[in-house]
Amino acid sequence: MKKYKSKFLLVAGAILMLMSMTGCKNPTDAEGNVKLITTASTFGEVFKEDNWFQGLFVYPMSQAMNYLAPIIGAVGAIAVVTALVQLIVFLLTRKSTVASQRMQLIQPEMQKIQKKYEGKKDEVSQMKMAQEMQALYKKYDINPLSSFSMLLQLPIIFAIFLAVQRCDAIVHGSFLGLSLEQSPWNGMKEGQWLYIVLFGVMIVAQMASMMLPQWLAKQKAMKAGKKAPDKNPMMSSMYMSMGLILLISIMWPTAMVVYWIVSSLVNIIKTLSIQMLYLDKDPVGKKGK
């Protein structure tokens, strides 16, 4: 397990370093405003003046939204591009995505093994625990290294996050009469409470997206007659991440609030689809009996 943890940290560190080195943040003009990508912007211009990440990933997504927005609206453009990108990412990382949700289902058995060796720090006990964990992964056909490939989707997801901020049609677009350039905080101060309603929808969507996998795992465990998994130790860090997103989003343009809503809804649909298409037909519940 230590070997897997070391590899995970190595891969995660390499990706974060790569993203930092390539300057994965939106370029700004002389006045400090984000440089927008319009229909007149070219790939060569963005690739040369900004960086390769912006040219290869951010530019095509921004342009797709620029051309879709006049037809289906700014929110529709965000929804279509986000859903399409998520679909492509899922097809490329299908096995690891399914394995990630399957890991939720075997949490009770994993926790049982961990409690069995709780407090035993000697090498023999640690080796036995690792062997039992490996046997559990093999039993349910889970590759513990599959989570590494999930890291590969981070740059792509981050790219669409940046693309929404650079897309001219989105930044200057509107939704339900609200300017997507205005922040929910400023909108509230001006008495436009619909901004806060939209922000509230984002909170609910984020919570549902975050809690759904664990809730589904709990329901499946109960149906299989097994003990529901204890609270996921990763939930505290997830709550912290969500709190940070909420804190930032209320001050950012409403376009980003819309993006988070759409992204959360897409993740909910993806989670339910994996559950119905893969895990409901999966022998996990039966094998554990």
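Here are some notes:
- FRET efficiency for the Leu176 to Tyr278 pair, using the beta carbon distance and R₀ = 41 Å, is estimated at 0.65.
- The calculated FRET efficiency for the pair Ile71 and Ala135, based on their C-beta separation and a Förster distance of 41 Å, comes to about 0.15.
- Between Trp185 and Leu154, full extension at 0.36 nm per residue minus the direct alpha carbon distance yields a gain of 8.3 nm.
- Taking a point 7 Å out from the Cα of Ser241 in the direction of its Cβ, none of the residues of the stretch 73-87 has a backbone N less than 15 Å from it.
- Amide H contacts of Ile37 (H built 1.01 Å from N, in plane; Pro and chain starts excluded): Cys167, Asp168 sit under 5 Å, all sequence-distant by 5 or more or on other chains.
- Rough spin-label spacing in nm, given labels placed 7 Å along Cα→Cβ, for Leu84 and Ile269: 1.4 nm
- Label point 7 Å beyond Cα of Ala208 along Cβ direction - residues of the stretch 238-267 with amide nitrogen under 16 Å: 258-267
- Extending 7 Å from Cα along the Cβ direction at Gln111 and again at Ile196 yields two label points whose distance is 3.8 nm.
- Highest to lowest packing among 65-74, 126-135, scored as the average C-beta count within 10 Å: 65-74, 126-135
Laboratory data are not the source of any read-out in this text; all were calculated from the coordinates shown. Values in this document were obtained by computation on a predicted structure and should not be read as measured data. No Cβ is skipped: glycine too gets one built from the backbone with ideal geometry, and neighbour counts run over all protein chains shown.
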